[in-house]
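The values are calculated or read from the model by the stated rules, or taken from the named source; none is laboratory data. Everything numeric here is computed off the predicted structure, so don't read it as measured data. Backbone-built Cβ (ideal geometry, glycine too); neighbour counts: all protein chains shown.
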Amino acid sequence: MSEDFDRLQQSATAGDDGAIDRMLTQFLPRVHAYVRVNMGPGLRRHEASADVVQSVCRELLEDRDGFEFRGEGAFLSWLLTAAMNKLRERARFFGRDKRDAKRRVPLSTAAVYDGLSPSQEVMGQEEIERLEAALLELPEDYREILVLARIVRMPHEDIAAHLGRTLPAVRSVLGRAVTRLGMILERDA
């Protein structure tokens with residue numbers, strides 16, 4: 001982290017709103033990656049992952065008084081839980097029968113790489129889409145632990161606490177998930 005999390009946490013607990021903002025900013029890339037992977041293609045057609053993250057952050061900042069600062073792992077868990085709840089809410093919204101799909105224009109897949117040539121952007125986007133498709137083939141518990149460990153970079157102990165599992169169980173599932181993902185990617189190469 002770019003700033004000392006403990007110092008920020010102490011300032012946030014003392015009521016420093018700027019400290020909470022800086023804490024949140026440190027985790028934004030990880031939360032965005034988590035949202036992107038967990039959106040699924042259906043929701044991605046209607047909404048950009050950055051918009052979902054922005055909505056999550058806005059709501060969390062409005063409700064920051066409801067959070068008790070108990071460390072970096074708990075803070076990240078709070079963010080990811082809020083992100084997953086937002087994804088479920090948005091999926092329900094767009095899944096309702098009364099939504100007229102003909103009135104919406106699907107989102108184009110935005111390039112996530114600045115400063116690259118168009119061909120590099122396309123190749124990078126194809127790799128992201130290939131990884132996302134492979135992740136969707138995994139069982140849900142494999143995908144969840146793999147995303148938390150490898151994409152969000154959450155420590156294994158924090159994953160265990162976040163999911164209510166034991167540390168050996170998390171490590172075991174992660175090992176199987178990495179192996180299965182490798183097999184899927186190799187098969188589709």
Task: Every pair of residues 6+ apart whose Cβ atoms lie under 7 Å, when the first sits in the range 174-189 and is over 12 Å from Arg150 (Cβ atoms) while the second is polar (S, T, N, Q) and in a helix (DSSP H, G or I) - done: none
Open item on the list: I'd like to verify a number: residues in the range 65-97 that are exposed (fewer than 15 other Cβ atoms within 10 Å of the Cβ), modelled with pLDDT under 85 and over 17 Å from Leu43 (Cβ atoms), how many?
Closed with: 5
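Checking the condition in a helix (DSSP H, G or I), without any contact (Cβ under 8 Å) to a residue 40 or more places away in the chain, among the polar types (S, T, N, Q) and within 24 Å of Ala161 (Cβ to Cβ), which residue from Gln54, Gln9, Gln26 passes?
Gln26
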Task: Residue in the range 124-159 that is farthest from Gly73 (Cα to Cα), counting only those that are in a helix (DSSP H, G or I) and among the β-branched types (Val, Ile, Thr) - done: Ile128
Open item on the list: With the requirement that a residue be touching a Phe, Trp or Tyr at 6+ places or on another chain (Cβ under 6 Å) and surrounded by fewer than 16 Cβ atoms within 10 Å (Cβ to Cβ), what does the range 1-56 give you?
Closed with: Thr13
Open item on the list: Of everything in the range 11-33, what is under 13 Å from Val56 (Cβ atoms) and touching a Lys or Arg at 6+ places or on another chain (Cβ under 8 Å)? Give them in sequence order.
Closed with: Arg30
- [ ] Show the residue pairs that are 6+ apart or on different chains and have beta-carbon atoms under 9 Å apart, the first residue being within the range 152-167 and among the acidic types (Asp, Glu), the second being surrounded by fewer than 19 Cβ atoms within 10 Å (Cβ to Cβ).
- [x] Glu157/Gly73; Glu157/Leu167; Asp158/Gly71; Asp158/Gly73; Asp158/Ala74
